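The values are calculated or read from the model by the stated rules, or taken from the named source; none is laboratory data. The structure presented is a predicted model; accordingly, all values stated were derived computationally and were not measured. In this analysis, Cβ positions are derived from the backbone assuming ideal geometry, glycine residues included, and neighbour counts consider all displayed protein chains. Just so you know, the surface numbers come from the protein's heavy atoms only, side chains and all, with ligands and any DNA or RNA stripped out. Shrake-Rupley method; radii C 1.70, N 1.55, O 1.52, S 1.80 Å.
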Amino acid sequence: MPAQSMEQLVSLCKRRGFIFQTNEIYGGLQGVYDYGPLGVELKENLKRSWWAAMVYSRDDVEGLDASILTNKKVLKYSGHEDTFTDPLVDCKDCKNRMREDHIKDSKCLHCGSKNLTDPRPFNLMFKTNIGPVADDESYAYLRPETAQQIFTNFKNVVDSTSKSLPFGIAQIGKAFRNEITPRNFIFRVREFEQMELEFFVRKGEDEDWHKYWIEERINWWVQQGVEKKKIEVFNVPQEELSHYSKATIDLMYEFPHGVEELEGIANRTDFDLGSHSKNQEELDIAADVLKNKDSNARLAFQNIDSKEWEVPYVIEPSAGVDRGVLAILNESYKEETLENGKNRVVLALKPHLSPIKAAVIPIKKNDSTIVDFSKQVKDKLQKLSLGRVVLENTGNIGKSYRKHDEIGTPICITIDFDTLEDDTVTVRDRDTMEQKRVKVESLEDLLKNLLVK
Ligand code: ATP
């Protein structure tokens, strides 16, 4: 059962420390959020899972962590300065601004007035001054997508790794967009994270690779716990394609506020490497690119047989980390009525995503023997480096179980007086609520089996 509403997720996130409004004590900053103690773990686990699938499990992908501050020339030749815009409309009555494509029935989203201005383009990039002199020319951009830094590092990565086609470069990191109407919690924000792969292929093999990556990406989301039937594959119509794209598939997910994009998988053709390359006239670039007078690198491969320089095509699966977190929270949130008539909230996260992997609970808060033993168990499990293990020393077992159900901890381990006699502990399963008695020495394997598949 999915979450009933966005409000329930927002409330859980605040109450339990997943996500907070940024700078809340000063009234916040619109479209910007902070990840709290549990949110940082969940988000990190999702990113690690992406990295494991996209980099570690493959030998044809390399990683990158490039800078956020970006030379304005990069975003000139990428086309962002001219085309990275949304159509903006002002309401002449209530003075609110909104995106034209968000408006329904030509009415203001805030006051319902039809007294709206004509749409005009609004560039979404954040500019910032760089260096000590704040003149008109000394500015850089905060990157609006991580992709461009991958293209500008293409030659560095090829030269340092001797990769040949097909191969990819993966990156996870922040991106910034001055969204006109940030909304729906962490769905549309101004500072967010992306997980992007730029996969370079030979022209002519691009369409097959596009299909391949669509399949791969859907499978990955399913492995994260997203129900396959809630992912819609949307073929973006020609007239709505970005300037660089030959074909784009959006993976649309049923978020609490509606069906919207979770990830885009685009065939970017040879637009990107062609745009950032020197000597463009010597290369047979299919895309319509701006004449580049500034680049000092040829971003192409030489065909061994024909000796011709070929500009690779690019397939790009681009996923939002924050939208991923929202989808995962939505999928795993459940409210259940138990046999005794009581309700419980449970976050049925896949264990590899759970912020806390196990909670060790001493039955008595003030009993130093029990508490010391519990600490030893916690330390031993923590040393496995499978994620966070906590000591939950509240002295209230029922309350601890409820808390860990709600934050998605797969198992709770209770240490009691029998433990000191027979070296056994009680392990409680989050989903079934079943409790079983196991030997202390079996706990490490139990946790490994839960997390290492
Ligand atoms: P939308 O149409 O929803 O504005 P987009 O098509 O502009 O999204 P892309 O440029 O394809 O998005 O970016 C790739 C991914 O980055 C998206 O699928 C999404 O998950 C994420 N993303 C983009 N913009 C935002 C944002 N403002 N807030 C959070 N995530 C975002």
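Data overview
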item: Test result for Leu241, farther than 30 Å from Ser354 by Cβ, of a type outside the set (Ser, Thr, Tyr) and within 25 Å of the chain's Cα centre (by Cα); result: yes
item: Qualifying positions in the stretch 339-363 - of a type in the set (D, E, K, R), out of contact with any strand residue (DSSP E or B) (no Cβ under 8 Å at 6 or more places or on another chain) and at pLDDT 95 or above; result: Lys350
item: Single match in Asp82, Asp59, Asp101 (criterion: under 30 Å from Glu215 (Cα atoms), acidic (Asp, Glu) and part of a helix (DSSP H, G or I)); result: Asp101
item: Search result, residues across the stretch 245-258 that are more than 10 Å from the ligand (Cβ to nearest atom) and in a strand (DSSP E or B); result: Ala247, Ile249, Glu254, Phe255, Gly258
item: Test: residue in the stretch 428-441 that is touching a residue at least 24 places away in the same chain (Cβ under 8 Å) and of a type in the set (S, T, N, Q); result: no
item: Qualifying residues in the stretch 165-219 (those that are part of a helix (DSSP H, G or I) and within 17 Å of Arg323 (Cβ to Cβ)) - the one nearest to the ligand (Cβ to nearest atom); result: Arg217
item: Meets criteria (at pLDDT below 95, among the hydroxyl-bearing types (Ser, Thr, Tyr) and not in a helix (DSSP H, G or I)) for Thr409; result: no
item: Enumeration of residues in the stretch 214-250 that are of a type in the set (A, V, I, L, M), in contact (Cβ under 8 Å) with a residue 40 or more places away in the chain and either open to solvent by 60 Å² or more (accessible area, probe 1.4 Å) or within 27 Å of Ser11 (Cα to Cα) (or both); result: Val226
item: Residue in the stretch 147-160 that is assigned to a strand (DSSP E or B), of a type outside the set (A, V, I, L, M), open to solvent by less than 20 Å² (accessible area, probe 1.4 Å) and in contact (Cβ under 8 Å) with a residue 24 or more places away in the chain present; result: no
item: Asn71 being away from the ligand (no atom under 16 Å from the Cβ), surrounded by 19 or more Cβ atoms within 10 Å (Cβ to Cβ) and of a type in the set (S, T, N, Q); result: no
item: Output for the stretch 95-110, where each listed residue is open to solvent by 100 Å² or more (accessible area, probe 1.4 Å) and farther than 14 Å from Arg183 by Cα; result: Lys95, Lys104, Asp105
item: Residue check for Phe122: out of contact with any Phe, Trp or Tyr (no Cβ under 7 Å at 6 or more places or on another chain), closer than 30 Å to Asp93 by Cα and either of a type in the set (Val, Ile, Thr) or within 15 Å of the ligand (Cβ to nearest atom) (or both); result: yes
item: Test set (1) open to solvent by less than 10 Å² (accessible area, probe 1.4 Å); (2) over 16 Å from Leu38 (Cα atoms) - Lys378 fails condition number; result: (1)
item: In the stretch 259-291, the residues that are more than 16 Å from the ligand (Cβ to nearest atom), open to solvent by 10 Å² or more (accessible area, probe 1.4 Å), in contact (Cβ under 8 Å) with a residue 12 or more places away in the chain and assigned to a helix (DSSP H, G or I); result: Gln280, Glu282
item: Flag if Val236 is within 14 Å of the ligand (Cβ to nearest atom), under 30 Å from Ser5 (Cα atoms), within 14 Å of the chain's Cα centre (by Cα) and not polar (S, T, N, Q); result: no
item: Selection within the stretch 387-433 - surrounded by fewer than 20 Cβ atoms within 10 Å (Cβ to Cβ), under 17 Å from Asn343 (Cα atoms) and touching a Lys or Arg at 6+ places or on another chain (Cβ under 7 Å); result: Arg402, Glu406
item: Any chance Val377 is assigned to a helix (DSSP H, G or I), more than 24 Å from Gln224 (Cβ to Cβ) and in contact (Cβ under 8 Å) with a residue 60 or more places away in the chain; result: yes
item: Test: residue in the stretch 42-54 that is at pLDDT 95 or above, under 29 Å from Val289 (Cβ atoms) and surrounded by 16 or more Cβ atoms within 10 Å (Cβ to Cβ); result: yes
item: Matching option when the condition is outside any strand (DSSP E or B) and modelled with pLDDT of 95 or more, among Leu447, Leu420; result: Leu447
item: Criterion (at pLDDT below 95 and under 28 Å from the mean Cα position of the chain (by Cα)) met by exactly one of Val452, Val389; result: Val452
item: Filter result (hydrophobic (A, V, I, L, M, F, W, C), part of a loop (DSSP other than H, G, I, E, B) and either open to solvent by 10 Å² or more (accessible area, probe 1.4 Å) or within 16 Å of the ligand (Cβ to nearest atom) (or both)) within the stretch 296-355; result: Ala297, Ala300, Ile304, Val311, Leu338, Ala348
